[in-house]
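Sharing a structure, written as structure tokens. Questions coming.
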């Protein structure tokens, strides 16, 4: 269930970007589906296992449903999904999806008996790859390149917390809560308080 929650949230971010770009329904569906399914697809291919949405097409159905609902809202209320509130919703929905997928990706990798560091890397990839594809297809700079923000770092933190808590024998609920808190907390701190790594000397922060 947590994977479908992540899919829904990330699909919403794709739909919000499509609304900002004024795309047609198929554009909404493409961005929502790529964002919702992209990270998990990369993870499963690297693990040499069946891609999750091939075995459980309900995930793609969820992406399509989210996309069409968003398109209807954008059509009925033009500009509603393109105002400042919608842009803030995109940022926070992306943060939620990032933390959810970091946990899911790491737990899936651990279940496949990969080494701990590999599981953390796969968790971070699961969390960030869908957003990268979304931004590239929309013609935007990928959020992972916003050096003022913790993005992949937040995903890696959530993944590492999930992996370590699992390794030390914490229960499933505690692992999920800890991973979500670590990933979302770091991303939220970056959004709200500007937490980031120091910029390289002589280089301006990206705008």
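Rule-based calculations on the coordinates, nothing more; no lab input. From a predicted model like this one, the values you see are computed outputs, not experimental measurements. Methodologically, a virtual Cβ is constructed for each residue, glycine included, from the backbone with ideal geometry; neighbour enumeration extends over all protein chains shown.
Can you figure out the FRET efficiency of residue 181 with residue 65, using R₀ = 35 Å and their beta-carbon distance, to the nearest 0.05? If you can, show how the numbers build up before the last one.
On the way: r = 29 Å, r/R0 = 0.82.
Efficiency at R0 = 35 Å is approximately 0.75.
Would you kindly state how much longer the chain becomes between residue 170 and residue 117 on full extension, computed as 0.36 nm times their sequence separation minus their alpha carbon distance, in nm to one decimal?
Values: separation 53, 0.36 × 53 = 19.08 nm, distance 1.81 nm.
Gain on extension, residue 170 to residue 117, equals 17.3 nm.
From the list [x] 11.8; [y] 10.6; [z] 22.7, can you say which value of mean projected area of the Cα convex hull in nm² was derived from the structure given?
[x]
Specify the inter-centroid distance of the stretch 1-53 and the stretch 63-124, based on alpha-carbon positions, in whole Å.
Taking the Cα centre of the stretch 63-124 as reference, the centre of the stretch 1-53 is 7 Å away.
Considering only 56, 19, 70, give the residue with the highest GNM mean-square fluctuation for the chain, with springs between Cα atoms whenever their separation is below 10 Å.
Among 56, 19, 70, the largest GNM mean-square fluctuation belongs to 56.
From the square roots a ≥ b ≥ c of the eigenvalues of the alpha-carbon gyration tensor of the stretch 1-99, which class results: rounded (a/c under 1.5), prolate (a/b over b/c), or oblate?
Values: a/c = 2.50, a/b = 1.80, b/c = 1.39.
Prolate.
Considering only 77, 43, 20, give the residue with the highest GNM mean-square fluctuation for the chain, with springs between Cα atoms whenever their separation is below 10 Å.
The residue with the greatest mean-square fluctuation here is 77.
Now for a separate question. Taking springs between alpha-carbon atoms closer than 10 angstrom, which of 64, 120, 191 fluctuates most in the Gaussian network model of the chain?
Among 64, 120, 191, the largest mean-square fluctuation in the Gaussian network model of the chain belongs to 191.
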